[in-house]
Structure formats: C-alpha cells, structure tokens
Amino acid sequence: MPAGPRPSVLYVTDLAYQARGRRYCDEDIRLTARLREEFDIALCHPRDAAALLDGFDTVVIRNSGPVLHYQEAYDAFRARARELGTRVYNPLHGRGDMAGKQYLVDLSRTGHPVIPTVDRAADLGKLPEAPEYVVKPKLGADSAGLRFVREAALPTGEDGSLLVQPRIDFRYEVSFYFIDHDFQYALYAPDPERRWVLEPYAPDAADLAFARGFVEWNSLDHGIQRVDACRTARGELLLVELEDLNPYLSLDRVAEPVQEAFVTRLKASLRDLTA
C-alpha cells in the first residue's frame, strides 16, 4: 500500500534573534533538518504565524525569542489558533512562563520549593532578609527590566506588575529538560557568573523528583519543558523558572547519543499529536 501523506508542521522561529551566549538559529536549523525526515516542514517568523496557521496539521513554537518583542503578533496568533482549533506544540494553556511569572508568586505562596516571590507591597514582609533583592517585571524575559536593590520595595503603583525576590546565594544553576512528561537530560552551569557555559549534569532521584513535580504541576499533556533551578549554599534546589513556551535546549552541550534520543522522542511526540 502507498504511504499516506506526511504530517505538515509550521515551525515558528526567529533565525535572526540575537541571544547572549547562545545561537538559537543553529539549534533550529539542526532540529528542522531532522524533523524533515518524517514531516513536511516550513519555517516562519512569529510575526507571520497567525496568517499561515490553517495550512498545516500542527504548529511548533521554538526559538522565537521573548514574546514581549512581538506581543501584538503573538496575541493574534493565540486568538487565531484557538479560533481554528489548531494543534500547537506547546499547547497554549501552559501555567509556566507562557502565562507570565505569576506562577512564581502562586507557588511561593503555597509553599512549593521556589525562590520566595511576592508581587505586592503588603507582602514584602514575607520575604526572608537578604543583602540584596531582585525586582523584575512579571511579563519580562531575558533579564529585561531586572534590577538589584538593597531593600525589598515596590515602586508606587507597581503592585501586581513587578516581582520581588531575595537575591539567592547559590552554588550553581541547573536545568532539566522534558518531552511530554519524560525526562531527557540535565545541564548545569558550574560557574554562577557564566550562566550559559553549560555542562552535562547527572541528577539523582531527589533532583528528578523536584523537577518532575513542576512538570506534573503544569497542565501540559505534551510538549517541551525546561525546569530551571538553583542549588543554594545549603544544598536545596529552588525553582528559578518553568519555561513552557519556547525553551532553548542547548542540545550542542550534550553528547551525540543524548541528542539522538531527544530527536527520536520529539518525533514520537509530534507523531502522537498529529495522528
């Protein structure tokens, strides 16, 4: 019997986006080359995605840069995708960074292992004492608008729009990468001053339980998620970020067999979605 038509994928990426210490475009060029083995692939800029949706079986959002750089186009994309019932990878109902950073406030309030976070002046007293505090926009990305202050404070009128956290003394940052709910690999930055100089990290059972807890908390039944955490001076892991929109994968930092396993699992996840 002749083979059926190959599923078509609109792969949303900004190949020209300049990221500090990383080349997003290289990752997407390599990934699309591999996905083309099983899918009909077309690449488009995030500003063009809404107009192209109805010509494809599914849409994959990858290294498209911070949404705040094209917020109006992204909102139009989400509205059009919902109108058409388009299958989007990752789905648009994620509870992590996809929806802003309110989740850090919510998780902190409910006692989850996250960096203590508040967004209202009335709650500043709930933060632990620290030599410095971090203030950043709730809808920020790539450290845009982030600043360090000596006292925990919110500017007048900024309740609800900014986050305040103690500046954590940590040993290193570590990221855990998942496809659907399956752990793939972990990477860490041994030098806190060089966030994107990453090396493979071998998580123990407690590390994986920590990371998996946030993946399970999120509402995505499929897609790629990256759980970013810091190891404090006392040895505990605290969540820094749950990236569930377009997490950079740093695939060039893992061994070839790990890369191959990731691509194989990604293909299987997309096949399940487009079946």
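The values are calculated or read from the model by the stated rules, or taken from the named source; none is laboratory data. Everything quoted here is computed from the prediction, not taken from an experiment. Cβ coordinates were reconstructed from backbone atoms using ideal geometry, including for glycine residues, and neighbour counts include every protein chain displayed. Each accessible area value is taken on the protein alone, full model and side chains, heavy atoms only, with ligands, DNA and RNA left out. Shrake-Rupley method; radii C 1.70, N 1.55, O 1.52, S 1.80 Å.
Before moving on, here are some points about what is shown:
- Residue within the range 33-40 that is under 21 Å from the mean Cα position of the chain (by Cα), crowded, with 18+ Cβ neighbours inside 10 Å, over 21 Å from Glu72 (Cβ atoms) and touching a residue at least 24 places away in the same chain (Cβ under 8 Å) present: yes
- Complete set of residues in the range 223-245 that are assigned to a loop (DSSP other than H, G, I, E, B), more than 15 Å from the chain's Cα centre (by Cα) and not charged (D, E, K, R): Ala233, Gly235
- If you go through the range 189-217 and keep only what is in a strand (DSSP E or B) and either surrounded by 19 or more Cβ atoms within 10 Å (Cβ to Cβ) or hydrophobic (A, V, I, L, M, F, W, C) (or both), you end up with just Ala189.
- Within the range 232-250, the residues that satisfy the criterion of being within 14 Å of Leu198 (Cβ to Cβ) and crowded, with 19+ Cβ neighbours inside 10 Å are Pro247, Leu249.
- For the range 185-201, taking the residues that are of a type in the set (Phe, Trp, Tyr) and at pLDDT 90 or above, the one that is farthest from Arg226 (Cα to Cα) is identified as Tyr201.
- Residue in the range 105-127 that is within 15 Å of the chain's Cα centre (by Cα), at pLDDT 90 or above and closer than 26 Å to Asp204 by Cβ present: no
- For the range 41-99, the candidate set comprises residues that are touching a residue at least 60 places away in the same chain (Cβ under 8 Å) and of a type in the set (Asp, Glu); within that set, the residue that is most open to solvent (accessible area, probe 1.4 Å) is Asp57.
- Against the test of being touching a residue at least 60 places away in the same chain (Cβ under 8 Å), more than 18 Å from Asp26 (Cα to Cα) and either among the aliphatic types (A, V, I, L, M) or not in a helix (DSSP H, G or I) (or both), the options Leu266, Leu220 yield a single qualifying residue, Leu220.
- Candidates Leu146, Leu124, Leu107, Leu163 - the one that is closer than 27 Å to Ile224 by Cβ, touching a strand residue (DSSP E or B) at 6+ places or on another chain (Cβ under 7 Å) and surrounded by fewer than 18 Cβ atoms within 10 Å (Cβ to Cβ): Leu146
- Residue among Ala202, Ala211, Ala233, Ala206 that is small (Gly, Ala, Ser) and under 20 Å from Arg109 (Cα atoms): Ala211
- The number of residues in the range 223-250 being modelled with pLDDT under 95, closer than 24 Å to Ser8 by Cβ and hydrophobic (A, V, I, L, M, F, W, C) comes to 1.
- Qualifying residue in the range 172-185 (condition: touching a residue at least 60 places away in the same chain (Cβ under 8 Å), out of contact with any Lys or Arg (no Cβ under 8 Å at 6 or more places or on another chain) and buried (at least 19 other Cβ atoms within 10 Å of the Cβ)): yes
- Tyr185 vs. criteria farther than 18 Å from Leu239 by Cβ, of a type in the set (Phe, Trp, Tyr) and in contact with a Phe, Trp or Tyr (Cβ under 7 Å, 6 or more places away or on another chain): yes
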